[in-house]
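All remarks here apply to the structure that follows.
The values are calculated or read from the model by the stated rules, or taken from the named source; none is laboratory data. Worth saying up front: this structure is predicted, and the values here are computed from it rather than measured. In this analysis, Cβ positions are derived from the backbone assuming ideal geometry, glycine residues included, and neighbour counts consider all displayed protein chains. Surface areas here come from the heavy atoms of the whole protein model, side chains and all, with no ligands, DNA or RNA. Shrake-Rupley method; radii C 1.70, N 1.55, O 1.52, S 1.80 Å.
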Amino acid sequence: MHKILIIGEHDGKTLNPATAKCVTCAAGIPEAEITVAVFGADTSTVATQAAALSGVKAVLRVDRAENLHPLAAIFAPQLAALAADYTHVFGPSTSFGKDLMPRTAALLGVAQVSDLMAVEGAYRFRRPIYAGNAIVTVEADPSRKLIATVRVASFQAAPAGGNATVASKSLDVSLPSHTRYIGAKSGSTDRPDLQTAARVISGGRALGSAENFKLLFSLADKLGAAVGASRAAVDAGYAPNEMQVGQTGKIISPEIYIAIGISGAIQHLTGIKDARTIVAINKDGEAPIFEVADVGLVGDLFQIVPELERLIG
Amino acid sequence: MQKIMVGIKRVVDFNVRIRVKADGSGVMLDGLKMSVNPFDEIALEEALRIKERGSNIEVVAVSIGVADTQQQLRTALAMGADRAILVQTDAAIEPLTAAKVFLALAKQENPDLILLGKQAIDDDANQTGQMLAALWERPQATFASKIEFSTGKASVTSEVDAGLKTIEVDLPAVMTVDLRLNEPRYVKLPDIMKAKKKPLDVTSLDALSVGATGWLKTLKTEPPPQRQKGIMVKDAAELVEVLKKKGLI
Ligand SMILES: Cc1cc2nc3c(=O)[nH]c(=O)nc-3n(C[C@H](O)[C@H](O)[C@H](O)COP(=O)(O)OP(=O)(O)OC[C@H]3O[C@@H](n4cnc5c(N)ncnc54)[C@H](O)[C@@H]3O)c2cc1C
């Protein structure tokens with residue numbers, strides 16, 4: 001049997017969908033027994049959500065005042081202590097998991113496999129390298145604990161319908177005081193979340209200003225879509241960093257991705273490889289985005305986008 | 001602050017599109033343009049800006065790799081690093097091993113700050129800085145997009161999925177940098193000439209008592225599934241029609 005521990009990601013109120021995707025990845029491991037751990041000041045709500053995920057056997061609550069904010073320096077020693085009873089420890093390839101998991105692995109003295117995109121065995125996985133331009137199959141030593149991050153865009157979320165036990169766990173771990181949480185800023189919107197939306201519209205440098213990005217928001221609202229951006233658009237200040245799609249932004253897998261005024265640099269394409277259908281609108285017929293687009297339209301976005309909005313009505 | 005150590009990795013230039021070997025044994029690297037990992041360039045630029053604001057700060061660029069990695073360290077020296085150390089090896093170095101090498105160097109050099117790129121664009125692992133911080137038992141601030149120092153500590157703002165997050169860390173600390181922290185300077189010809197006279201020490205894994213453990217076996221390397229080129233439509237009306245037919249809108 002393989003005992004898999006997943007660190008749940010949440011904001012105190014809601015379990016991030018990335019956790020449900022880690023569960024699906026873990027369920028692909030032969031004879032998996034899955035436990036989700038949630039760290040926080042009060043994890044009662046998110047623990048209930050984790051327990052409802054199909055495939056989860058147990059949920060461990062690690063409630064402690066110091067766990068109010070996710071700091072890798074605080075979480076890692078606790079996760080490393082919890083890991084003792086498990087063969088595998090998984091976290092999501094989100095900014096939370098990327099920060100936490102390698103620190104945990106090093107405390108345990110083992111390597112990490114980053115960005116699992118497919119499970120081929122309990123210790124054999126596929127993962128992307130070179131911005132997704134090559135896929136490697138790697139095998140880890142079964143005699144060691146396996147630490148990994150899960151490329152969440154590669155897995156569907158585990159459905160509800162589970163009925164896991166929930167238990168509180170107190171860990172006798174001393175925590176460092178060298179790292180302190182100051183604050184967070186998020187451009188909270190009512191729009192769908194970029195990472196889980198079925199429809200995404202992204203804009204590039206061609207938009208020319210933050211003001212012009214409103215064209216995309218308006219179209220997105222009509223379609224119930226989330227809005228993304230290229231790095232060039234974020235660098236230029238047209239869109240906030242959390243909207244960036246690509247190698248260094250978000251890796252997404254919507255049903256439909258509409259790239260508007262985006263050239264299609266490899267670093268951008270890394271983020272949208274798993275999109276079901278890619279639509280590209282670009283005034284340059286030679287733009288590399290058309291090499292990967294399922295549907296392409298050559299033309300001026302400032303003319304096409306308002307027209308689309310009118311046609312969709 | 002007296003000393004900043006910066007990690008420099010030699011990688012295939014970000015503009016080069018790599019290809020997978022037909023026999024699946026790896027990626028074709030022969031003859032490709034090699035450069036400093038773009039994130040490491042940003043880490044070095046930040047170190048140089050801190051140096052230029054302060055006084056008497058030494059910037060040490062360190063790398064692990066083949067003999068030719070001296071080229072990337074010379075670039076780092078030309079940008080403004082004071083000296084460089086190459087831990088020369090032909091072995092494939094995984095992140096945990098790299099972290100152990102940097103730990104050994106940190107123990108020799110006692111830097112106040114170690115700046116690394118958040119990931120290397122070859123293996124895209126995003127691990128080394130976090131692992132180093134754990135082994136060094138020091139704070140980590142990852143994906144930094146803004147760094148501010150006060151006595152003995154730093155406030156670091158990071159780009160996270162939800163937006164921005166700010167933490168405070170005591171020094172010494174490890175920081176990994178993101179793209180929007182700064183824009184690296186261009187190297188000028190006279191700087192390249194000057195860099196030739198700057199010290200570049202070559203050492204080895206053995207000298208640092210670090211073994212080149214291979215933790216992961218790579219069984220196979222494949223190209224990603226290719227997307228097929230799709231159809232072109234002539235106007236917005238046709239686009240809407242096609243998407244409706246596909247049931248997408
Ligand atoms: C290490 C590294 C990591 C990176 N990570 C990312 C990442 O995560 N995400 C990312 O996106 N990029 C990333 N990049 C940057 C990437 O290489 C490109 O520079 C970037 O994606 C370009 O953005 P863009 O397509 O908006 O701009 P451009 O390449 O300038 O393209 C603009 C496009 O708009 C079209 N256009 C102009 N006007 C109009 C109009 N009126 N109507 C219609 N079309 C028009 C043009 O034909 C052009 O194709 C990274 C780069 C590096 C080095």
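In the range B:196-215, of all residues being surrounded by 15 or more Cβ atoms within 10 Å (Cβ to Cβ) and at pLDDT below 95, the one that is farthest from the other protein chains (Cβ to nearest Cβ) corresponds to B:ALA212. Here B:LEU86, B:LEU103 are screened, and the one residue that is over 18 Å from B:PRO184 (Cβ atoms) and part of a strand (DSSP E or B) is B:LEU86.
For (1) surrounded by 18 or more Cβ atoms within 10 Å (Cβ to Cβ); (2) of a type outside the set (S, T, N, Q), each residue gets a yes or a no:
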| position | (1), (2) |
| --- | --- |
| B:ASN126 | yes, no |
| B:SER150 | no, no |
| B:ALA154 | yes, yes |
| B:VAL169 | yes, yes |
| B:VAL174 | yes, yes |
| B:ASP178 | yes, yes |
| B:GLU183 | no, yes |
| B:TYR186 | no, yes |
| B:ASP191 | no, yes |
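Screening B:ASP82 with (1) under 22 Å from A:ALA111 (Cα atoms); (2) touching a residue at least 60 places away in the same chain (Cβ under 8 Å) gives one miss only, at (1). Of the residues A:THR87, A:THR94, A:THR104, the single one that is farther than 22 Å from A:LYS250 by Cβ and crowded, with 22+ Cβ neighbours inside 10 Å is A:THR104. Among the conditions (1) crowded, with 24+ Cβ neighbours inside 10 Å; (2) near the ligand (Cβ under 10 Å from one of its atoms); (3) within 11 Å of chain B (Cβ to nearest Cβ); (4) of a type in the set (A, V, I, L, M, F, W, C), A:ILE262 misses just one, which is (3). The residues in the range A:232-256 that are touching a Lys or Arg at 6+ places or on another chain (Cβ under 8 Å) and either within 6 Å of the ligand (Cβ to nearest atom) or part of a strand (DSSP E or B) (or both) can be counted, and the count is 7.
Counting residues in the range A:191-200 that are among the hydrophobic types (A, V, I, L, M, F, W, C), touching a helix residue (DSSP H, G or I) at 6+ places or on another chain (Cβ under 9 Å), within 16 Å of the ligand (Cβ to nearest atom) and within 18 Å of B:ASP178 (Cβ to Cβ) gives one or more. Entry remark, the range A:180-195: residues being of a type outside the set (D, E, K, R) and open to solvent by 70 Å² or more (accessible area, probe 1.4 Å) number 4 in total.
Taken over the range A:271-288, the criterion of being more than 7 Å from the ligand (Cβ to nearest atom) and among the β-branched types (Val, Ile, Thr) is satisfied by A:ILE272, A:THR277, A:ILE278, A:VAL279. Kindly evaluate B:VAL11 against the criterion of being farther than 28 Å from A:GLN267 by Cα, open to solvent by less than 20 Å² (accessible area, probe 1.4 Å), in contact (Cβ under 8 Å) with a residue 24 or more places away in the chain and β-branched (Val, Ile, Thr). Against the criterion (farther than 28 Å from A:GLN267 by Cα, open to solvent by less than 20 Å² (accessible area, probe 1.4 Å), in contact (Cβ under 8 Å) with a residue 24 or more places away in the chain and β-branched (Val, Ile, Thr)), B:VAL11 does not qualify. I'm checking my understanding of the structure. Among residues of the range B:60-108 that are in contact with a Lys or Arg (Cβ under 8 Å, 6 or more places away or on another chain) and of a type in the set (D, E, K, R), which one is surrounded by the most Cβ atoms within 10 Å (Cβ to Cβ)? Out of the qualifying residues, it is B:ARG74.
Of all the listed residues (A:LEU194, A:LEU216), the sole one being touching a Lys or Arg at 6+ places or on another chain (Cβ under 9 Å) and not assigned by TED's automatic domain parsing to the domain that holds A:VAL62 is A:LEU194.
Okay, residues lined up against (1) more than 9 Å from every other protein chain (Cβ to nearest Cβ); (2) modelled with pLDDT under 95; (3) assigned to a loop (DSSP other than H, G, I, E, B):
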{"position": "A:ASP99", "(1), (2), (3)": "no, no, no"}
{"position": "A:ALA106", "(1), (2), (3)": "no, no, no"}
{"position": "A:ASP115", "(1), (2), (3)": "no, no, no"}
{"position": "A:ILE135", "(1), (2), (3)": "no, no, no"}
{"position": "A:ALA148", "(1), (2), (3)": "yes, no, no"}
{"position": "A:GLY162", "(1), (2), (3)": "yes, no, yes"}
{"position": "A:VAL173", "(1), (2), (3)": "yes, no, yes"}
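Confirm whether A:TYR123 is hydroxyl-bearing (Ser, Thr, Tyr), within 20 Å of the chain's Cα centre (by Cα) and in the same structural domain as A:GLN49 (by TED's automatic domain parsing).
No, not satisfied.
Apart from one condition, B:GLU183 fits all of (1) more than 7 Å from chain A (Cβ to nearest Cβ); (2) over 30 Å from B:ARG74 (Cβ atoms); the exception is (2). Of everything listed in (1) more than 22 Å from A:VAL38 (Cβ to Cβ); (2) under 18 Å from the mean Cα position of the chain (by Cα), the single unmet condition for A:ASP190 is (2). Residue-level check: of (1) closer than 24 Å to A:PRO92 by Cα; (2) out of contact with any Cys (no Cβ under 9 Å at 6 or more places or on another chain); (3) open to solvent by less than 70 Å² (accessible area, probe 1.4 Å), A:ARG151 misses just (2). In the range A:282-298, the residues that are free of Cβ contacts under 8 Å to residues at least 40 places away in the same chain and closer than 16 Å to B:LEU239 by Cα form Cβ pairs under 9 Å with partners that are basic (Lys, Arg) and within 9 Å of the ligand (Cβ to nearest atom), at six or more places apart or across chains, as follows: A:VAL298/A:LYS283.
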